[in-house]
Every structure is written in C-alpha cells, then in structure tokens.
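First the structure, in the form of structure tokens, and then the observations on it.
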Amino acid sequence: MATLLESLHQLQDIESRLHELREKIGRKKRAIQAHQKKLTELDKEVAASHEQIKVYQVAADTLDLDMRTREQDIVRLRDNLNRAKTNKEYSALLTQINTTKADNLKIEEKILGRMSALEEFKQIEDRLRAERDQQQKRLEELQREYDAFTTDVANDLDALQKTRDEAALEIPPTALEAFNRVADKHDGEGMARIYRPDQKRGDYICEGCNMSITTEIVNALLTKDELRCCQICGRILFLDELQTRQASRAS
C-alpha cells in the first residue's frame, strides 16, 4: 500500500496534467476574450469616427446652404442695382454685393476646410473598418481553434478528472483538503521538492519558493509518513529518492 506522501505525489502528477490541459484551454479562451475586447473598442472608434463625419457633413451642408442663399441674394441685389434711381442707392447696393461676395469667399474657404477634414475622417474610418474586419476574421479563427481543441481534449480531460477522483479516495480527508487548498493557490502545484543547492553545506531549500527548510522538517520526512508544509509558501514538502539518500547520509 502506498504511503501518504506517495499517494499525494501520485495525485500531484495527475493534478499537474489536469492544470496544464486546463491552462491551455484557458489561454485559448483568454485570446478570444482579448480579441472580443479589441473588437468592442474598434466598434466604439468606428462609431465615434462616423459620428464625427456626420457632424462635419452637417456643418459643411449648412455652410453650403448659407452660401447658396447669399448667391441668391447677390442675384437679387444685382437686379435692384440695375433699377437703382440714384447714385447713393447704386453705391449702397454695390457695397452690399461686394460684401456678400467677400463673405461667400470666406464661407467657401470654410467649406473646403470641412470637406478636407471630412476626407481625412473617412479615410480614418475606412482604416478602422478594415482593421475591424481583420480582427473579426482572426476572432473567428480563434473560436474555431478553441472549439476544435476543447472537443479533442474533452475525453482526456474527463479521463484525467476521473483518475484524479480515484486517486483522491486513497488520501485521508484532512491531507486531501490541505493539498487542494495549496494546489488552488499555486496553480495546481500542491507539493514541492526539498533540495540542497550546495552538497557541502547543510542548507535545504523549498523548490517551490526557494526559501530555507529546517533540518527538523527534513528529519521528520525521513522518519515519518506525514504532512510537512513549507512555512513560506505552504506547499507540501517531499524528498525524492536521491535526496532521501543524501539526507540520510548527512544526518
């Protein structure tokens, strides 16, 4: 019958494979979410650009209408000019005509400025729409890849989960609860090996967090089949076969 630490080690191996598979699924899902977010942002930019185009178009149309109205005024003023009876009346009408023409030139310049800006905004919107189309195609590709991958690994995932459930039955509830708690905290890594970075020294290190482990814990693992956790990261500690032999010789 397997010892507690051996059973936990077996569970850790299964948990690692489960976490790796779930992490692959998670990465693909996060990539989809990132592209969905990008699409949402692009939709907002396209809408804002389109709204700006509408505003400038309305302004240009208003200026154009104003200019056409003034041109009609000029036609009317010229008609009145031809019928002027006095020099004073003629001079006043001529001044009004020239002033209206000057105003129209200014309006025409504004219209040209609006039309130039409109062209730039339309080019920007076209680029945004093209980028959005590319992002949409990429999103559809990612979704197809995600669907295909999750379908391919569904059986493996179920089989691993079943194997994990069976392995968990061999572990006492208290130890299993401790493992699950630490594994959830450290991305599926509930256990950590103890190692000695320098064989000439008696220092022992937790491979999970690279912090020191006391000799007392090492000696306990050599003599007792019980849980010993790293006081820093909380991972369940173990000695592999080579480390066990080395620790036995050092003790």
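Bear in mind that the values in this text are calculations on the coordinates, not laboratory data. All of these numbers come straight from a predicted model, not from anything done at the bench. A quick note on method: Cβ atoms are made from the backbone with ideal geometry, for glycine too, and the neighbour counts reach across all protein chains shown.
Note on the chain: helix-only mean residue ellipticity at 222 nm, from DSSP H runs of 4+ residues weighted -39500 (n - 2.57) and normalised by residue number, equals -28500 deg cm²/dmol.
So for the chain: antiparallel DSSP bridges make up what percent, rounded to the nearest 5?
Restricted to the chain, the bridges split so that about 60 percent are antiparallel.
Applying a 4.7 Å Cβ-Cβ cutoff to the chain, the cysteines left without a disulfide-compatible partner are 229. Note that region 173-250, at 4 °C in a medium of 1.567 mPa s, gets a Stokes-Einstein diffusion coefficient of 102 µm²/s from its Kirkwood radius over C-alpha pairs. Helix 4-82 and the long axis of the chain differ in direction by around 0°, with both axes built from C-alpha atoms. Residues of the chain were split at every exposed loop site, defined as trypsin sites (Lys or Arg not before Pro) in a DSSP loop with at most 10 other C-beta atoms within 10 angstrom, and the longest piece left, sites excluded, is 86-199.
Note on residue 151 and residue 108: the model spin-label points, each 7 Å out from Cα along the C-beta direction, lie 6.5 nm apart. The average projected area of region 1-118, computed from the convex hull of its Cα atoms over all directions, is 11.1 nm².
Computed from label points 7 Å out along Cα-Cβ, the spacing between residue 22 and residue 170 is 2.1 nm.
Non-local amide H neighbours of residue 191 (under 5 Å, H modeled in plane, Pro and chain starts lacking H): which ones? Distant-sequence amide H within range of residue 191: 236.
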